[in-house]
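These notes are about the structure you will find just below.
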Amino acid sequence: MAGLDIFAITNELGKMLAVARVKKIYQKGLTIYILLSREANYTLVIGPNKIYLTTYKEKFPIEPPDFCMRLRKSLSGAKFEGIKQHGFDRIAEIKFLRQKNSETRYLVAELFANGNIILLNENREIIVPLKREEWKARTIREKLPYN
C-alpha cells in the first residue's frame with residue numbers, strides 16, 4: 001500500500017466506523033480481525049501491508065495467541081473514536097475510548113512489508129506489540145514510548 005492509498009482508506013474508515021464499538025478481536029498469523037458493531041457488523045482487517053473493512057465471516061483458531069488476548073483485554077467494548085494517517089507515512093493510528101475508566105487506547109498499524117501492530121496507552125507508551133523488534137535507532141517493546 002502506498003501513502004495515498006492509506007490516506008483514502010483512513011478517511012473512508014473514519015466516516016464508516018463513527019460510533020462503532022469493539023465486539024471481539026481475533027488473530028490469524030500476523031493479521032488482526034476486529035469485529036465492530038454499529039448499525040451492522042463489520043470486521044476491520046489489519047495486517048502487513050493491508051487494512052480494510054469487510055462483512056465476510058472468517059473462521060478463527062479456537063486458542064487465540066497472547067497478542068490477541070491482550071488486545072481483547074484492552075479494547076473489548078471500547079468505542080471507535082477515529083483513525084488517522086501519521087503524516088503521509090504508511091502508518092495508520094486508530095483511537096479507541098475504553099468505557100470502564102474513560103482511558104484512551106491507540107492501535108498503531110505499520111502498513112508496510114515488515115510492519116507491526118502496536119497497542120499504546122494514552123501516554124503513547126507501548127502496552128503490547130505484535131512483534132518485539134530492535135534496530136539501531138528504535139526499539140519496539142512493552143513500557144517504552146512509541147516513536
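Met16 meets all of the listed conditions (1) more than 28 Å from Phe88 (Cβ to Cβ); (2) more than 12 Å from the chain's Cα centre (by Cα); (3) open to solvent by 50 Å² or more (accessible area, probe 1.4 Å) but one, namely (1).
Condition check ((1) touching a Phe, Trp or Tyr at 6+ places or on another chain (Cβ under 7 Å); (2) over 24 Å from Arg138 (Cβ atoms); (3) open to solvent by less than 20 Å² (accessible area, probe 1.4 Å)) across all residues:
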residue: Arg38; (1), (2), (3): no, yes, no
residue: Tyr56; (1), (2), (3): no, yes, no
residue: Glu63; (1), (2), (3): no, yes, no
residue: Arg70; (1), (2), (3): no, no, no
residue: Glu110; (1), (2), (3): no, no, yes
residue: Asn114; (1), (2), (3): no, no, no
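Scanning the stretch 52-90 for residues that are among the hydrophobic types (A, V, I, L, M, F, W, C), in contact (Cβ under 8 Å) with a residue 40 or more places away in the chain and closer than 14 Å to Ile118 by Cα turns up Phe67, Cys68, Leu71, Leu75.
Among the residues making up the stretch 15-25, a single one is over 16 Å from Ala78 (Cβ atoms) and in contact (Cβ under 8 Å) with a residue 12 or more places away in the chain: Met16. Taking the listed residues Phe96, Phe88, the one that is under 20 Å from Asn11 (Cα atoms), of a type in the set (Phe, Trp, Tyr) and loosely packed, with under 15 Cβ neighbours inside 10 Å is Phe88, with no other qualifying.
The values are calculated or read from the model by the stated rules, or taken from the named source; none is laboratory data. Nothing here was measured: the structure is a model prediction, and the numbers come from that model. Don't worry about glycine lacking a Cβ; one is built from the backbone with ideal geometry, like all the others, and counts go over all protein chains shown. Note: accessible area is taken over every heavy atom of the protein model, side chains too, but ligands, DNA and RNA are not part of it. Shrake-Rupley method; radii C 1.70, N 1.55, O 1.52, S 1.80 Å.
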